[in-house]
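One structure is given here, and the rest of the page talks about it.
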Amino acid sequence: MTLSTPRGCCSAPETGIFARVTGARLVRRLGLGLAVALGVVMPGAAGTQRVDALKPCTSIDRVRCGYFSVPLDYAHPERRQIRLFVVERPVRHARGTILLLAGGPGEASTSVFDLTSDLWRMLFPGYTVAAYDDRGTGGSGSISCRGAKTAERCGAAIGPSRIFYGTRENVQDMEAVRRALGVNRLALFGLSYGTKQALAYARAYPRNVERLLLDSVVPADGPSPLGLESLRAVGESLRSICRDGCGRAGRDPSGDFARLANALQAHPLDAAMPIFRSGGWAPTKRRVHVDGRLLLELATAADLNSGVAVELPAAVREALEGRPRLLEHLAALVAQQSSADVNSAVLYATTCNDGPFPWRPDTPVARRGAMLAGAVASLRPARLHGFGAWAAGATAAQCLGWPSSQAPAATGKLPDVPVLVLAGDRDVRTPLADGTAVATSFHRGRVLVAPGVGHMAVSSSHCTNRAVRTWMSGGVPPARCARVPLTIPPLAPLPPSIAATSPIGNVGGEAGRTLAAAVRTLREAEGSWLTVFPAGWVAGLQSGLLSGQSFSAFSYEAYTDVPGLAISGKLAFETSKLGTLVPGSEDGFMSIGSPLGGFVQIKKGRVFGVVGGRAVSARFS
């Protein structure tokens with residue numbers, strides 16, 4: 001959870017419980033023309049009454065929605081008011097209400113969570129499910145600092161009201177939501193930043209919390225201002241990715257990454273890579289500047305984006321060997337990703353208001369740089385986990401110029417309630433270690449580790465779903481689920497030529513090498529498609545084109561990664577009940593343009609056909 005990675009920072013995975021609706025589409029879908037006024041709610045004021053003005057959403061069955069007002073500044077509730085947008089899916093004879101809190105900070109919960117999904121009944125049996133947009137996001141008075149590239153400029157664009165967009169205010173808004181919903185206690189389900197919000201609420205209003213389900217935990221006093229926990233998690237994530245493969249890139253993926261990051265920070269790469277922009281019919285060049293910090297951003301992106309995960313170790317190894325093309329290609333693809341799901345103004349405001357930093361909230365901007373430099377200089381090398389001092393700083397470095405901030409949210413005693421933490425072992429932005437520490441701070445805290453999973457573990461497998469349901473029903477969930485495989489195996493470094501490729505399958509010689517190079521190229525094409533979906537077309541490393549037909553299918557034409565070899569064809573995946581692509585389910589064909597030429601089919605984990613006039617067959621791996 002850092003400002004350096006707003007692209008897809010906490011975007012929803014490809015599962016059925018999350019809505020893929022944002023912006024104007026969200027407005028149309030929820031029928032916000034209702035503009036239901038729920039009156040003014042002033043939490044903390046005696047005698048606040050329940051407000052029963054939620055009405056059926058005009059275009060969503062079984063969901064009610066509406067607005068209610070809260071003070072911009074809770075210290076002066078008589079002044080300016082802002083409206084919060086709330087949705088609720090009630091059930092008869094509810095055993096409780098669970099409030100869903102999205103991440104970011106800056107995501108709008110009502111657009112992240114699809115309340116119409118029947119999966120909620122499975123995960124939270126008997127519970128009314130509710131969500132609301134944090135102030136400044138979605139339907140709750142969205143704010144903007146469009147075009148601002150720094151925290152300083154964003155803060156200036158927002159203006160003096162920026163100090164009222166922090167976790168402290170979000171906690172008070174949550175209490176207003178509880179009162180508006182007319183319930184005595186809330187169960188809370190937080191994702192990423194939403195876990196910090198849930199924990200802060202539990203500290204401020206311990207009697208009003210029934211239980212806490214925390215997925216990808218940000219501690220209540222986090223994230224770490226220097227990002228040291230995430231530096232350690234980079235190596236853990238890479239080792240998890242390469243647990244069963246990566247070829248020679250898997251020998252020391254953590255050490256390779258740190259060595260390359262340090263080298264790139266000292267001597268960055270600049271390249272112009274072909275990409276296809278939205279609506280474009282021909283590739284254009286995108287300049288990429290690859291330094292150590294950009295490489296860390298790719299490692300963070302890999303914990304949500306499986307395409308980045310499968311390509312990154314090979315890209316690192318190739319760059320160390322003097323072939324940076326795959327790394328530059330990956331950087332260009334990630335740069336195409338939209339950050340529309342995260343309101344950057346709220347991201348800056350909440351992160352920079354909250355801290356903690358190596359300075360006090362009232363420290364003049366001119367003095368902060370020296371204080372940050374002193375904090376970094378005092379670090380022992382071991383705490384940097386192989387990286388140079390340049391890697392420390394994270395949110396502190398990016399909030400140096402934030403104009404002013406409030407004191408953090410008030411702290412208090414944590415409630416003695418059931419707590420379940422979900423954590424993936426390749427999560428970089430909210431490391432497993434942080435989740436474990438938070439769970440141990442509760443008498444009834446438990447951790448469920450999801451091996452092979454990155455950021456946001458909910459619904460990553462049937463095991464995690466069953467565990468959540470068991471826990472919500474009062475049972476004891478397991479401490480660990482089975483490993484969740486990546487959609488496709490991690491790539492080994494690409495060969496520089498057909499002749500340098502080791503043959504695969506039932507034939508050797510040039511036919512076996514050609515088949516191997518073609519399979520490796522198609523695997524890289526799969527990784528690129530997973531990286532950019534749903535952005536559109538992808539250019540091959542050398543030439544050619546990949547075009548998506550849907551989330552589960554794409555075609556490719558003269559797609560070239562290895563000089564002298566081009567592939568064309570179509571490929572489709574099966575889709576699981578969780579809404580994810582089924583590993584090993586590829587079905588398609590591939591024509592091979594090379595000195596030998598050939599045509600093969602991919603089905604049931606094998607590739608078979610004719611190359612150079614010889615029948616070939618091999619595992620598709």
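Just so you know, all these numbers are worked out from the coordinates, no wet-lab data involved. In this text the structure is predicted, and so the values were computed from the model without any measurement. Positions of Cβ are generated from backbone atoms using ideal geometry, with glycine treated the same way; all protein chains shown enter the neighbour counts.
Overview of results
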read-out: Nearest-ten-degree value, helix 462-472 long axis tilted from longest Cα axis of the chain; value: 10
read-out: Local electrostatic count, Ala261, Cβ distance below 9 Å [Lys/Arg +1, Asp/Glu -1]; value: +1
read-out: Proximal aspartates and glutamates relative to Lys149, as straight alpha-carbon distance under 20 Å, when same-chain residues fewer than 8 apart are discounted; value: Glu107, Asp291, Glu297, Asp341, Asp354
read-out: Helix 292-301 axis, angle to the chain major axis (alpha carbon atoms, nearest 10°); value: 80
read-out: Residues Arg367, Arg606, sorted so that the one with the fewest Cβ neighbours within 10 Å comes first; value: Arg367, Arg606
read-out: Sorted peptide list for 419-432, 494-507, criterion being average Cβ within 10 angstrom, highest first; value: 419-432, 494-507
read-out: Mean separation of Cα contacts under 8 Å, 6 or more apart, over the residue count of the range 494-621: relative contact order %; value: 19
read-out: Tail weight of P(r) past 39 Å, computed on alpha-carbon pairs of the chain, percent; value: 31
read-out: The range 183-277: translational diffusion in µm²/s, Stokes-Einstein, Kirkwood Rh over Cα pairs, 4 °C, 1.567 mPa s; value: 76
read-out: Kirkwood Rh in Å, taken over all unlike Cα pairs in the range 494-621; value: 14.5
read-out: Nearby aspartates and glutamates by direct alpha-carbon distance to Lys577 (threshold 17 angstrom, same-chain neighbours under 8 apart not counted); value: Glu14, Asp114, Asp118, Glu586
read-out: Angle in degrees between helix 228-241 and the longest Cα principal axis of the chain, rounded to the nearest 10; value: 40
read-out: Value of [θ]222 nm, deg cm²/dmol, for the chain, DSSP H segments ≥ 4, -39500 (n - 2.57) each, nearest 500; value: -9000 deg cm²/dmol
read-out: Residue order, fewest to most beta carbons within 10 Å, for Met371, Met456; value: Met371, Met456
read-out: Value of Rg/Rh across the range 415-545 [Cα atoms, Kirkwood radius]; value: 1.18
read-out: Hull shadow area, averaged, the range 312-412 [alpha-carbon convex hull, nm²]; value: 9.7
read-out: Normalised contact order of the chain, rounded percent, pairs of Cα under 8 Å and 6 or more residues apart; value: 14
read-out: Too-long pairs where the Cα-Cα distance tops 24 Å, listed order kept, from Lys196/Lys413; Lys570/Lys604; Lys285/Lys603; Lys570/Lys603; Lys285/Lys570; value: Lys285/Lys603; Lys285/Lys570
read-out: The range 82-158: trypsin sites (Lys or Arg not before Pro) in DSSP coil with no more than 16 other Cβ atoms inside 10 Å; value: Arg92, Arg95, Arg146, Lys149
read-out: For the range 358-397: span of alpha carbons on each principal axis (Å, largest first); value: 33, 16, 13
